[in-house]
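Data block below; observations after.
The values are calculated or read from the model by the stated rules, or taken from the named source; none is laboratory data. Note that the structure is a prediction, hence the values are computed from the model and not measured. Here Cβ is always computed from backbone atoms with ideal geometry, including for glycine, and neighbour counts include all displayed protein chains. Calculation scope for accessible area: heavy atoms of the full protein, side chains included, ligands and nucleic acids excluded. Shrake-Rupley method; radii C 1.70, N 1.55, O 1.52, S 1.80 Å.
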Amino acid sequence: MGGLLFGGFVSGQLADVLGRKFTYFAALFILLVFNGAAAFSTSWEMFAVFRFFIGIGCGFYLTVYFTFLIEFTPRTYRSMLVALPFWPIFCIIYACLCWWLHEWKYIQLAIAATNIPFILAIFFVPESYRWLVSNGKIAKAHSVIAKIAKINGKPPPDFKTFYEMASQATKQKSTEKRYTILDVIKNRRLLRYNVLLSVGWLSCGYGYYAISFGVQQLSGNLYVNLILINAMDIIGIVVWYLANCLGRKWTTFMLFLIGGSMGIVVGIIQFIDLSDKDELVNGFALASKLCVSSGWSALMILTSELYPTVVRNIGYGINNAVARLGAMVAPQLVFASEKIDGLSYLSFAGMMFLSAILVVTLPETNKTALQDTMDITISQKKSDKQSIMNPGYEKENYGTID
């Protein structure tokens, strides 16, 4: 988790300076090398060092992958991307793998090997055209869009028209500066977003991992519980529908509120002696896990859409790093809850309720276009104007950043 914290901060800056593609494939390479190397550790200290670097690779990946995806995706389908249950499906496969292999060395080698086919995608996956335009590389951005058009059987946009529209959208002056975390902090609106979002990310990081790390405290087989607790997340695909119908903000609010309520129920049950106590705890714990993972998915969409392209990965990286602070606290409270019944789940409930209240104060980003620069001013009135910079011809009704 320390590696994830470090990786989250560093990768956000790297992805905005060097590009989404470089950072994404650097993450996969780090995971391949250090997972493989960890299998040959001769002491727990050596293993811990390798785990730190594995955490950095995870931090890189978790920070950039969703931003990389949504910058190719029309607004309507962004919630679909985060809702598709790839994460829980592979967690279930991982649980089965651990159940089968048992030996930690073989598990490390197996994890390393899974990165190889995805690294080969470096020859096929292009750089984000939004990042290219925002950094003044308009010709390269046009070639990426032309490639996408060819795949979809559509004619590519005229280069001259594209160049004029892209130049006007970015006002060119945005390409003259390299943005850093300081720019996000200095901008009062972005700083406000950061503070409010970071509470939610901290809560999700704590809640997700507190329930996951506490799986051993649930009754029954460890591996079966691990499979079940991740299988519940597959139901989270409903976020796709909710985020488009209710909006990103209200979906997050609702799931945080329900998740916090489930956490209170688990905490109270752990205090009471009941004949079917174990079954009730397991059931409500699984419901809590579903709510926090689904709420986190909705929060990811909201977070990525609130930041302009030039600092999107920086802002997302900051929040991703903050989530790891919650994840670092999680195992400590899981251990403490062995002596103090309900501590872990009641703490989780309190954080979920606080996050639900704060997320309501953020602006809704549903049915709005992604903003590309810090200085661009977009009319708050709905417009039917079509733009190459907005896939799917999104309506530009997003307020100014400055």
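Could you sort out which of Lys249/Lys339; Lys21/Lys186; Lys140/Lys249; Lys289/Lys339; Lys154/Lys186; Lys289/Lys367 sit more than 32 Å apart by Cα distance in this structure? Could you put the intermediate results ahead of the total?
On the way: Lys249/Lys339 37 Å; Lys21/Lys186 28 Å; Lys140/Lys249 35 Å; Lys289/Lys339 22 Å; Lys154/Lys186 42 Å; Lys289/Lys367 28 Å.
Where the Cα-Cα span goes over 32 Å, the pairs concerned are Lys249/Lys339; Lys140/Lys249; Lys154/Lys186.
Hey, in the GNM for the chain with a 10 angstrom Cα cutoff, which one of Ala15, Ala323, Ala121 fluctuates hardest?
Ala121
Taking the Cα centre as origin and putting +1 on Lys and Arg beta-carbons and -1 on Asp and Glu beta-carbons, what dipole magnitude results for region 254-324, to the nearest 20 debye?
My answer is approximately 380 debye.
Carbon and sulfur together cover what percent of the accessible area of region 118-262 at a 1.4 Å probe radius?
67 percent
Please give the net charge around Lys140, taking every other residue with its beta carbon less than 15 angstrom from that of Lys140, where Lys and Arg add +1 and Asp and Glu add -1.
Its environment carries a net charge of +3.
Ranked from the most accessible area to the least, with a 1.4 Å probe and all protein chains present, what is the order of Phe68, Phe40?
Sorted descending by solvent-accessible area, the residues read Phe40, Phe68.
Given a 1.4 angstrom probe, what's the average accessible area per residue across the chain, in square angstrom?
I get 46 Å² per residue for this part.
Computing the accessible area with a 1.4 Å probe over protein heavy atoms, can you report the carbon and sulfur percentage for region 275-382?
Percent of accessible area from carbon and sulfur atoms in region 275-382: 65.
At a probe size of 1.4 Å, how large is the accessible area of Phe50, to the nearest 10 Å²?
40 Å²
Obtain the nm distance between the two label points defined at Cys96 and Leu120 by a simple spin-label model: each point lies 7 Å from its Cα along the Cα-to-C-beta direction.
2.2 nm
According to the square roots a ≥ b ≥ c of the eigenvalues of the Cα gyration tensor, what is the shape class of region 3-120, taking rounded for a/c under 1.5, prolate for a/b larger than b/c otherwise, and oblate for the remainder? Write out the running numbers ahead of the final one.
Working: a/c = 2.42, a/b = 1.43, b/c = 1.69.
It comes out oblate by the Cα gyration axes.
Rank these residues by their accessible area, most exposed first, probe 1.4 Å: Ile138, Ile30, Ile185.
The most accessible residue leads, giving Ile185, Ile30, Ile138.
What's the center-to-center distance, using Cα atoms, between region 339-365 and region 38-108 in Å?
Here the two parts' Cα centres lie 25 Å apart.
How large is the convex hull of the C-alpha atoms of the chain per residue, in Å³? Let's see the in-between values first.
Working: hull volume 55.5 nm³, N = 402.
About 138 Å³ per residue, rounded to a whole number.
Kindly write out, for region 94-108 in residue order, the coupling ³J(HN,Hα) from the Karplus curve 6.51 cos²θ - 1.76 cosθ + 1.60 (θ = phi - 60°), rounded to whole Hz, with x marking Gly and Pro.
For region 94-108, the Karplus-derived couplings read 4, 4, 5, 4, 5, 4, 7, 7, 6, 5, 4, 5, 5, 5, 4 Hz, x marking Gly and Pro.
Taking the full set of protein chains and a 1.4 angstrom probe, give the accessible area of Cys245 in square angstrom, rounded to the nearest 10.
80 Å²
For a quick protection proxy, order the peptides 354-365, 142-153 by their average other-Cβ count within 10 Å, most packed first.
354-365, 142-153
In whole Hz, what ³J(HN,Hα) sequence does region 317-326 give by Karplus (6.51, -1.76, 1.60; θ = phi - 60°), x for Gly and Pro?
Values, residue by residue: x, 4, 5, 4, 5, 4, 4, 6, 5, x Hz.
At a threshold of 8 angstrom on Cα-Cα distance, excluding pairs fewer than six apart, so keeping six or more, what relative contact order does the chain reach in percent?
Computed value for the chain: 25 percent relative contact order.
Ordering Trp99, Trp201, Trp44 by accessible area with a probe of 1.4 Å, largest first, what comes out?
Trp44, Trp99, Trp201
Could you run the Karplus curve 6.51 cos²θ - 1.76 cosθ + 1.60 with θ = phi - 60° over region 23-35 and give me ³J(HN,Hα) per residue in whole Hz, x for Gly and Pro?
5, 4, 6, 5, 4, 5, 5, 4, 5, 5, 5, 7, 5
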